[in-house]
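Bear in mind that the values in this text are calculations on the coordinates, not laboratory data. On a predicted model such as this, the values are computed, not experimentally measured, just so you know. For neighbour counting, all protein chains shown are included, and Cβ atoms are generated from backbone atoms with ideal geometry for every residue, glycine included.
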Amino acid sequence: MALKRTKIVDIFSPELVGEQVCVKGWVRTRRGNKHVQFIALNDGSTIKNLQIVIDLEKFSDEELKPITTGSSLHVEGTLVASQGKGQSVEVQAQTIEVYGTADPDEYPLQKKGHTLEFLREKAHLRMRTNTFGAVFRIRHHLAFAIHKFFNDKGFFYMNTPLITASDCEGAGDMFQVTTLNLGDLPKNEDGSNDYSKDFFGKPTSLTVSGQLEGELGATSLGAIYTFGPTFRAENSNTPRHLAEFWMIEPEVAFNDITDNMDLAEEFIKYCVQYALDHCKDDIEFLNQMYDNTLIDRLQGVLKQDFVRLTYTEGIKILEQSGKKFEFPVKWGVDLQSEHERYLVEQHFKRPVILTDYPREIKAFYMKLNPDNKTVAAVDCLVPGIGEIIGGSQREDDYAKLKARMDELGMKESDYDFYMDLRKYGSVRHSGFGLGFERLILFVTGMQNIRDVIPFPRTPKNANF
Ligand code: ATP
Ligand code: MN
């Protein structure tokens, strides 16, 4: 009977020492001398490589020739305690089958120490490196943690549409979805495009947020969360923006702005704790390789309460800082990343939840405060990134919402479903959106959002 494969992540358990094992994976390195050769084998299940020891009396040069960096192997042999340092066990190879070779003159991941920029060009192979293996294992565990967090709290996972006819909040420029022939568009008499001929009979786009539909779920099921792809055609080439990213949007009936902040803080801390508990090896690797303050920073987040501060107070601090910002601050301006980062990194040195922004710079659906100037917005800012969460208590008063939409020139008829919510059993409710990739940036300490999603979409880049 064929020996069952053991994943490398499971091979370091003491009971297996002395046993016959079967392992499969890709060669990271091969080194050695005339008597013995060592292969570092990795199968993606862990950042750890397994050392395969090859006695050159048992294998011919011909057999070993195709075993080069990047080739894939099936190895059987005895697992023994390792004499060398750097690993606790190793496999003394008895049989080696080469599944696939990787021509050393062509395989791009030869040299050690490729730059992250170089690896971005090789996104189809970069997951085979230590760094990206670590990042994408952490990405998985965080996704799982998010579902677990909400499930354990009794939230329902809701899937909101990706194709939409409503421009939610104008959160960003949208990608149009059409089956019309762009080279030969059907026209109305006035020369405009005749969308009645389009697939949905009207203009449609990819969603920039599932929130509006999420609110419908929350005021029916009580508490929901979405977790899905989100698209923004913003032409901002920054290390924190993608054209296609994943967003988590909880929405809860009966929650006010304070409940919303409590949820946001608990949620972020839960994800950080989960990653520290379940991704220890990978986080330690990133801490050692890129940013030796990472683990301290993550542990710090768990220990401290997030600062809660109004926008107005935040502006005062920024004005009094004496710092020359690229974008000058005064009450009424939208905060830029440099402002957000000053507050969290220099002033408070911990995460900050900013609330009560001027209504003019926030979306139409945010609850108007009694001062008639500000709305019940909450943005959560973290070190190294700035905004990671944006949310609010929603306007649940029909008349006030209608008045705001009129001011902005929005047509009520485009939002029938949304207005119905304020007509039938309207209740206080709140929610927020967390950018999944921003959370991964925060937890991994990576600097560029293109490095925390397997195949990033950014302006002029949709490869793979
Ligand atoms: P920013 O000001 O950083 O562009 P935003 O205020 O436009 O973000 P929201 O509409 O509040 O973003 O979206 C909620 C969350 O989604 C943000 O806090 C952020 O974490 C994430 N997010 C928004 N836009 C992007 C993007 N283009 N790429 C990745 N994540 C994003
Ligand atoms: Mn925002």
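Summary of the geometry: segment 202-238 and segment 334-356, compared by the centres of their Cα atoms, lie 25 Å apart.
In terms of packing, defined here as the mean over residues of other Cβ atoms within 10 angstrom, the peptides 89-97, 320-328 line up highest first as 89-97, 320-328.
Note on LYS85: lysines with a C-alpha under 30 Å away, same-chain residues under 8 apart excluded, are LYS4, LYS7, LYS24, LYS34, LYS48, LYS58, LYS65, LYS111, LYS112, LYS280. Note that segment 8-100 carries a Kirkwood radius of 13.1 Å, evaluated over its alpha carbons pair by pair.
Peptides 288-298, 374-384 ranked from most to least packed give 374-384, 288-298, packing being the mean of other C-beta atoms within 10 angstrom over each peptide's residues. Summarising the label geometry, the points placed 7 Å from Cα in the beta-carbon direction at HIS35 and ASN193 lie 7.4 nm from one another. Sparsely packed loop sites in segment 240-286 (the chymotrypsin sites (Phe, Trp or Tyr not before Pro) outside DSSP H, G, I, E and B with at most 15 other Cβ atoms within 10 Å) comprise PHE254. For GluC sites (Glu not before Pro), the sites in segment 28-79 that DSSP calls loop and that have at most 15 other Cβ atoms within 10 Å are GLU57.
Convex hull of alpha carbon positions in segment 1-44: directionally averaged projected area 4.2 nm². Based on C-alpha pairs under 8 angstrom that are at least 6 apart in sequence, the chain has a relative contact order of 13 percent. Based on every Cα atom in segment 354-439, Rg and the maximum pairwise Cα distance Dmax equal 14.1, 43 Å. Scattering from the chain was approximated by placing one identical point on each alpha carbon and applying the Debye formula without solvent; log10 I(q)/I(0) at 0.10 1/Å stands at -0.85.
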